[in-house]
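Okay, so here's the structure we're looking at.
The values are calculated or read from the model by the stated rules, or taken from the named source; none is laboratory data. Predicted model, so just to flag it, every value in this text is computed and none were measured. Backbone-built Cβ (ideal geometry, glycine too); neighbour counts: all protein chains shown.
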C-alpha cells in the first residue's frame, strides 16, 4: 500500500489522500485546510440571507445563527468526508472559536456604542474648556481630565512604593506566620468593594478635618486602597519568576542581601513591575463610587489635590447624565465623550504596558 | 562504613600532601607548575549538613589544599553539591538548611558566630551548574558586577583593568573585546560559563567553588573550561563538583568520593586521595566499583 515512490502503480489507481502516508491504512480522504473558514463563511452568508428575508437582522442574531448552522454542518461534512476523530476535532475547534466570539462580542459591542455616541462631542473644546457657568450646550471636561490625572497620579505615588515593598517582603524576606498573614490580608483587600474604600478614606480624613470634607487627596487615598493589593499581587508574581540562580550568583560574589534585591532582583523584574503598575492604574482610573464620596463634584479646574473639590472623568460622566443641563442631549453627549476618553486612557495604558514589557523586558527564559 | 571507620579515615588525611609529593616524583600530575599567589586552604571538621529534618551529609572531615584542584565525585544525591555549598555558606540560604561542625579557611572557622557570611563569600567565589550571567547587564557590567556591587570608590580605569584582566584570565577576552557593551545573555553557553568564571575571579577570591560547571556545555566548551581550571590553580584553590569521572581524572589533583549507603540515608565521604590513586588503586572497594562503572 506504499505510495512513496511516484511510479507506484497503486498510487495512480487510487487517489493519494485515501492512503495514510504514515500507516499505509486506508482513510476516507482529508479536507483542505480552509475547510472550517469556508463552512463559517458559508453559514454566515446563509444566516444573513435568512435574517434579511425575515427582516429581523441584528449582529447578535447573526452570530448565533451562524454558530448554529456551522457547528453541525462542519461535523457532519467532516464525518462523511474524513473520519470521526477528525470530525470531533473540527467540532471542538469551532466550539472554542464560538466561545471566544461570545466572550468578545459584548466588548466589541461596547466599544462600538461608546465610539458612536462619544465622537459627537469628542472635539477640541471638550479638552480645553471646563463646565464653569455652562448650563446648556458647550463646555467641556478639562477640569475632569486634569482631576483624573492628578487623583490617579497621586494614588500611584502612594501605592507603588507600598505595593512593591510589600511584594519584596513577601518574596525575599517574609517567612512563617507574618508572611501568611500579609498574603491573607492582601487577598482580603483585593475583594474590598470600591465604595467601602471611598467611605474608609472619607472617614479617615473626616476624623481630622471635620465632616463634609472633600479633597482630591482623599480620592487618591481611596484609590490607593484599591490599587495596593493589585500592585502587590502583580509585583509578587513577577519577583517570583526572577530565577533563584541570579540571586545565588550575586550572593556568591559577596553581595549583601539588600543589594541583591535592589541591584539584581528589582532591575531584572523592572519591565514586569512597570507593566503591573500600569495595569493597576488602568484598573482604578475609571472608579466612580469612591470618588463621588471623597472628591466631590465641581465645575471648574482644580489642580491642587490638597485643597478644594476635584472633578474626574467618571464622576463627570455620571453627573452629566444624572443632572443634565437645559440642553439634555448636549449633556448626554459630553457624558459619552468622557466615557470614550476614559476608555482611550485605559487602552493607551494597556498598550504602553505591553510595549514596555516587549521593549525592556528581560527574557528570563534565556537565563534558565 | 561505620562512624569509627570514618574517623580513622579522616585522621589519615593529614599526610595527603606527602602522598601527593610521592606521586609527583613518579611523574604524575599534581599541583600547579608555578604558584603565582598562595591561596587559602580549607579544612572541614566533622561537618554535618541538614535540610530541615533531613540529614543530607554526615561527618565529613577533609582537607582541601591550596592551589590545587579538588574534585568531588559521587552518584546523584550523595551530597557533593551540598558540601560544596557549605564551603561558602550558600547552604544556609535554603530555607530550613543548617550546618553543624567546623569549616576552617586557613585558620578561621567560617561558621564561627562572629563571621559575616557575606565576607566569607567574598573570599570564596562560586561558579554554578548553568551559566547565569545577570540578564540586565552587559558583558562588561557582568564582569564588573562584584566590584560595582561591593566595592565603593573604585575608579573607572581600575575597573576596566580588572575587567580586562579577568576576561583574559577566563580565556574570553579575545572573543568579546569588541562587544563588551552587548548583553551577556547573547553569548554561547560555553562563553557564558567563562563569563561567569570571569565574574567570579574579578573580585579576587581565595577559593573558587565550581558546581558541575561543564554539565550544560558541549565537549569543546568543556575542554576550554578545563584548560582554564588548569590555569587558574596558580592563583586560586579550586573545588569542583562533577558527575563526569573523566573530567575529574583530567582536571583535578585530588579527588574525594562521596556515597550514600542507601537512599534516604545521609551522604558521606568515602575516600579522598590523589586523583591518580583514586582512579587506579583506590583503597576502598566502594570507590573502585564506582570509578570502574560497576556501581549499583
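Is one or more of the residues making up segment A:274-296 in a helix (DSSP H, G or I), within 14 Å of chain B (Cβ to nearest Cβ) and more than 26 Å from residue A:118 (Cα to Cα)?
yes
Report yes if residue A:320 is within 14 Å of chain B (Cβ to nearest Cβ), over 21 Å from residue A:358 (Cβ atoms) and assigned to a helix (DSSP H, G or I), otherwise no.
no
Go through (1) more than 30 Å from residue A:347 (Cβ to Cβ); (2) modelled with pLDDT under 90; (3) surrounded by 15 or more Cβ atoms within 10 Å (Cβ to Cβ) for residue A:62 and report which single condition fails.
Among (1) more than 30 Å from residue A:347 (Cβ to Cβ); (2) modelled with pLDDT under 90; (3) surrounded by 15 or more Cβ atoms within 10 Å (Cβ to Cβ), residue A:62 violates only (1).
Can you pull out every residue in segment A:308-325 that is over 25 Å from the mean Cα position of the chain (by Cα) and either closer than 16 Å to residue A:132 by Cβ or surrounded by 15 or more Cβ atoms within 10 Å (Cβ to Cβ) (or both)?
Result: A:308, A:309, A:310, A:319, A:320, A:321, A:323, A:324, A:325.
Considering only residues that are crowded, with 16+ Cβ neighbours inside 10 Å and away from chain A (no Cβ under 14 Å), which ones fall in segment B:152-162?
B:159 - this is the single residue of segment B:152-162 that is crowded, with 16+ Cβ neighbours inside 10 Å and away from chain A (no Cβ under 14 Å).
Say we look at segment B:137-151 and pick out the residues that are at the interface with chain A (Cβ under 7 Å from one of its Cβ atoms) and touching a residue at least 24 places away in the same chain (Cβ under 8 Å); which of these is surrounded by the fewest Cβ atoms within 10 Å (Cβ to Cβ)?
B:150
Here's the yes/no breakdown for (1) surrounded by 17 or more Cβ atoms within 10 Å (Cβ to Cβ); (2) modelled with pLDDT of 95 or more; (3) away from chain B (no Cβ under 14 Å):
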| position | (1), (2), (3) |
| --- | --- |
| A:164 | yes, yes, yes |
| A:169 | no, yes, yes |
| A:173 | no, no, no |
| A:177 | no, no, yes |
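Can you confirm whether segment B:175-186 contains a residue that is modelled with pLDDT under 90, under 18 Å from the mean Cα position of the chain (by Cα) and either closer than 17 Å to residue A:246 by Cα or more than 13 Å from chain A (Cβ to nearest Cβ) (or both)?
No, the conditions are met nowhere in segment B:175-186.
Just for helices (runs of 4 or more DSSP H) wholly inside segment B:210-296: which have at least 1 residues that are touching a strand residue (DSSP E or B) at 6+ places or on another chain (Cβ under 7 Å) and under 30 Å from residue B:173 (Cα atoms)?
Helices (runs of 4 or more DSSP H) meeting the threshold: B:219-232, B:245-251.
Among the residues of segment A:305-316, is any more than 14 Å from chain B (Cβ to nearest Cβ), out of contact with any helix residue (DSSP H, G or I) (no Cβ under 6 Å at 6 or more places or on another chain), part of a helix (DSSP H, G or I) and within 26 Å of residue A:119 (Cα to Cα)?
yes
If we scan segment B:153-168, do we find a residue that is assigned to a loop (DSSP other than H, G, I, E, B) and in contact (Cβ under 8 Å) with a residue 12 or more places away in the chain?
Within segment B:153-168 (the criterion being assigned to a loop (DSSP other than H, G, I, E, B) and in contact (Cβ under 8 Å) with a residue 12 or more places away in the chain), the answer is no, since none of the residues qualifies.
Out of all the residues in segment B:107-135, which are farther than 17 Å from residue B:86 by Cβ and more than 8 Å from chain A (Cβ to nearest Cβ)?
Hits for segment B:107-135 are B:107, B:114, B:131.
Yes/no per residue for (1) touching a residue at least 60 places away in the same chain (Cβ under 8 Å); (2) touching a strand residue (DSSP E or B) at 6+ places or on another chain (Cβ under 8 Å); (3) buried (at least 22 other Cβ atoms within 10 Å of the Cβ):
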{"residue": "A:203", "(1), (2), (3)": "no, no, no"}
{"residue": "A:211", "(1), (2), (3)": "no, no, no"}
{"residue": "A:223", "(1), (2), (3)": "yes, no, yes"}
{"residue": "A:231", "(1), (2), (3)": "yes, no, yes"}
{"residue": "A:243", "(1), (2), (3)": "yes, no, no"}
{"residue": "A:247", "(1), (2), (3)": "no, no, no"}
{"residue": "A:252", "(1), (2), (3)": "no, yes, yes"}
{"residue": "A:257", "(1), (2), (3)": "yes, no, no"}
{"residue": "A:264", "(1), (2), (3)": "no, no, yes"}
